[in-house]
Amino acid sequence: TEAYLRLSFGWAGVQFGREFTSVGTGYGDRLLLSGNAPAMDFFSIDARYRTFRFFFLHGAILAADQGANGLIVGAPAGAGKYLALHRVQFSLFDIMNVGASEMVVYQRLTPEYAYLIPVNFFKSAEHQLRDRDNALLAFDVEVFPAAGWKCYGMWLIDDIMISRMGTGWWGKADPSTAACSP
């Protein structure tokens with residue numbers, strides 16, 4: 001079932017409802033939000049001014065029915081899964097679109113207020129909330145070299161650790177902080 005209410009202005013809109021949503025570059029599938037996922041309940045804000053676009057979405061997603069094996073701490077009974085996303089995009093000279101997105105997926109009994117603020121930097125909020133959530137950054141570009149042609153790509157950064165940038169660390173567990181031992 002899909003339904004929504006939308007209030008549109010000439011330059012912006014606000015939407016509340018339930019529907020399939022896709023975000024990112026591509027045709028069949030999108031890297032950030034794909035049309036393959038079930039419809040979700042969400043609230044969104046979008047705005048555009050000349051060549052600039054902004055999009056914010058906060059929604060409830062369905063959690064898996066089975067527990068997540070291997071997790072030390074489980075979610076409290078009745079906790080819901082949520083997704084918050086914002087995206088900015090610039091169009092350059094009608095031949096290129098450049099975008100940046102930030103998304104966080106989290107699980108709580110109620111939505112987290114820090115992720116309901118459309119202009120909040122989610123990675124900083126996630127760090128302040130004790131790094132319990134999954135924050136992602138994405139950068140994308142679309143180039144239109146000729147009529148009927150489009151080249152596109154996206155760079156997705158998951159679980160970024162700003163404190164380890166430039167240190168040569170690439171994700172291998174630090175033996176001094178390993179959770180398991182032989």
In percent, how large is the relative contact order of the range 1-158, given Cα pairs closer than 8 Å and 6 or more residues apart? 16
Rounded to the nearest whole Å², what accessible area per residue is found for the range 1-135 with the 1.4 Å probe? 63
Which order do TYR115, TYR152 take by accessible area at a 1.4 Å probe, largest first? TYR152, TYR115
Could you calculate the FRET efficiency of TRP149 with LEU129 from 1/(1 + (r/R0)^6), where r is the beta carbon distance between them and R0 is 30 Å, rounded to 0.05? 0.10
Per-residue SASA entry for LEU7, accessible area with 1.4 Å probe, Å² rounded to 10: 100
State the extension gain, in nm to one decimal, for the chain segment bounded by ARG18 and PHE93, taking 0.36 nm per residue of separation less the distance between their alpha-carbons. 23.5 nm
Solvent exposure ordering (accessible area, 1.4 Å, most first) of LYS81, LYS123: LYS81, LYS123
Heavy atoms of the protein only, probe of 1.4 Å, neighbouring chains included. What is the accessible area of HIS127 in Å², nearest 10? 120
Which percent of the accessible area of the range 99-151 is formed by carbon and sulfur heavy atoms (probe 1.4 angstrom)? 63
Relative contact order, percent, the range 111-170 [alpha-carbon distance under 8 Å, six or more residues apart]: 23
Lys and Arg at +1, Asp and Glu at -1: neighbours of ASN134 with Cβ under 14 Å from its Cβ sum to -2
What FRET efficiency, computed as 1/(1 + (r/R0)^6) with R0 = 22 Å and r the Cβ-Cβ distance, is obtained for MET165 and ALA100, rounded to the nearest 0.05? 0.80
Given a 1.4 Å probe and heavy atoms of the protein chains only, how would you sort TYR82, TYR4, TYR106, largest accessible area at the top? TYR4, TYR82, TYR106
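The values are calculated or read from the model by the stated rules, or taken from the named source; none is laboratory data. Because the structure is a prediction, the values reported are computed rather than measured. Note: ideal-geometry Cβ built from the backbone for every residue, glycine included; neighbour counts use all protein chains shown. The area values use the complete protein model at the heavy-atom level, side chains included, leaving out ligands, DNA and RNA. Shrake-Rupley method; radii C 1.70, N 1.55, O 1.52, S 1.80 Å.
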